[in-house]
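One structure is given below, encoded as structure tokens.
The values are calculated or read from the model by the stated rules, or taken from the named source; none is laboratory data. Remember, predicted model here, so these are calculated numbers, not experimental data. Here the Cβ positions follow ideal geometry from the backbone for every residue, glycine too, while neighbour counts run over all protein chains shown.
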Ligand code: NAD
Ligand code: UDP
């Protein structure tokens, strides 16, 4: 606690010292004495911080908006060290809010949020959402959950615990402190959809005992929990059904199609297509998604909302696209189809357009280029 106070005093050094200086001048009138006292204090503060290895006093942060207490929100982002979460952190930090990231670093990485560590508006909580946590915040973005099929299938029981116990803990917290909670749900709640494109009213087609069930059913029960806490306990909830998203900070070994293809194309390896490659996905750039999540959180719309880019590609088309953009000599290698792989996926985004005034602005090609430039 002492170190936090010291750090704050140091960060706001100018303000802090100026105020003290003014007060002493008024009471003593002795300018030289006040100046000497300030110099001593400054030296002492600098030494105290230099001796504290976990705080980098020379760190330069991106500028953040100055907000007064009435407009500054305290926001918890679970899974904030992951791909989507870290972009959300950036936007909300720059907008001048107080951000708490809660992450167990299962798939998240410290380097995704390192640039904010030490900032007085930022706190990192190394914590697993399956355990309860007490914190006072105004909003909770609940993103904690591995998103890549490789990762969520690695330990399916943990994935289920994260989606059940983790979501209950966050909803319990939201109830207790009267915060609004946004759940990062998924287009996977539609399973291998029979309706195309998928509207929010579609109930889905999910295999409850297949390899994807830990995630698909996990997200479905997370949604059910949200609506139970909403109807029974009056918790303010938002549910975003996120479609395939991509962008900088995706882990090159994360196993998802965009990162796999880009990494393979750049290394000149075969692009591995599971099945015949005629299955489709609709890809959105992460900056569009983050804008949608914030718009949803700050709206008063509490039914599920699809957030995705309706531009639909077959996996073969995506592969050739990435080979073109990277000017790679790679060829395509067809591998066996994976079990329960959804065959078509494309969001109907009428609800997001109508209630959030949101639609994607990034073309897939531009987003891919940006991802390649920054990530690989
Ligand atoms: P990601 O794997 O990069 O990030 C998930 C984060 O959650 C990681 O930082 C991870 O360490 C953390 N986490 C996992 N389990 C946790 C636990 N038990 N306690 C605390 N932290 C935990 O994934 P992402 O792509 O950033 O996805 C973020 C959210 O959005 C997920 O809930 C995912 O289901 C959802 N979503 C993402 C996509 C997409 O295309 N990226 C699509 C649909 C839904
Ligand atoms: N896919 C592929 N090759 C890869 C990775 C994925 O053909 O190296 C396919 C996968 O079978 C699926 C689609 O690409 O049909 C999207 O997979 P991803 O894991 O990115 O996300 P999903 O939408 O399946 O959760």
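Given the condition part of a strand (DSSP E or B), touching a helix residue (DSSP H, G or I) at 6+ places or on another chain (Cβ under 7 Å) and away from ligand 2 (no atom under 11 Å from the Cβ), answer yes or no: does some residue in segment 338-356 qualify? Reasoning before the result, please.
Filtering segment 338-356 down to residues part of a strand (DSSP E or B) leaves 347.
With the extra rule that they be touching a helix residue (DSSP H, G or I) at 6+ places or on another chain (Cβ under 7 Å), the set shrinks to 347.
With away from ligand 2 (no atom under 11 Å from the Cβ) added as a condition, the list becomes 347.
Yes: one or more hits.
Suppose we filter segment 103-159 for residues that are under 20 Å from residue 223 (Cβ atoms) and within 10 Å of ligand 1 (Cβ to nearest atom); how many remain?
12
State whether the residues of segment 286-306 include one that is more than 23 Å from residue 237 (Cα to Cα) and either within 16 Å of ligand 1 (Cβ to nearest atom) or surrounded by fewer than 16 Cβ atoms within 10 Å (Cβ to Cβ) (or both). Even if it seems obvious, please write down each step before you answer.
Restricting attention to segment 286-306, the residues satisfying the condition of being more than 23 Å from residue 237 (Cα to Cα) are none.
No, because not a single residue in segment 286-306 is more than 23 Å from residue 237 (Cα to Cα) and either within 16 Å of ligand 1 (Cβ to nearest atom) or surrounded by fewer than 16 Cβ atoms within 10 Å (Cβ to Cβ) (or both).
Considering only strands (runs of 3 or more DSSP E) fully contained in segment 85-198, which possess at least 1 residues that are under 13 Å from the mean Cα position of the chain (by Cα), modelled with pLDDT of 95 or more and in the same structural domain as residue 257 (by TED's automatic domain parsing)?
98-103, 139-142, 180-186
Scanning for something under 30 Å from residue 93 (Cα atoms), within 10 Å of ligand 1 (Cβ to nearest atom) and either modelled with pLDDT under 95 or in contact with a helix residue (DSSP H, G or I) (Cβ under 7 Å, 6 or more places away or on another chain) (or both), does segment 262-278 turn up at least one residue?
no
Could you please let me know if residue 80 is assigned by TED's automatic domain parsing to the domain that holds residue 240, assigned to a loop (DSSP other than H, G, I, E, B), touching a residue at least 24 places away in the same chain (Cβ under 8 Å) and more than 16 Å from ligand 2 (Cβ to nearest atom)? Reasoning before the result, please.
Working: assigned by TED's automatic domain parsing to the domain that holds residue 240: yes; assigned to a loop (DSSP other than H, G, I, E, B): yes; touching a residue at least 24 places away in the same chain (Cβ under 8 Å): yes; more than 16 Å from ligand 2 (Cβ to nearest atom): yes.
Taking the combined requirement at face value, the residue satisfies it.
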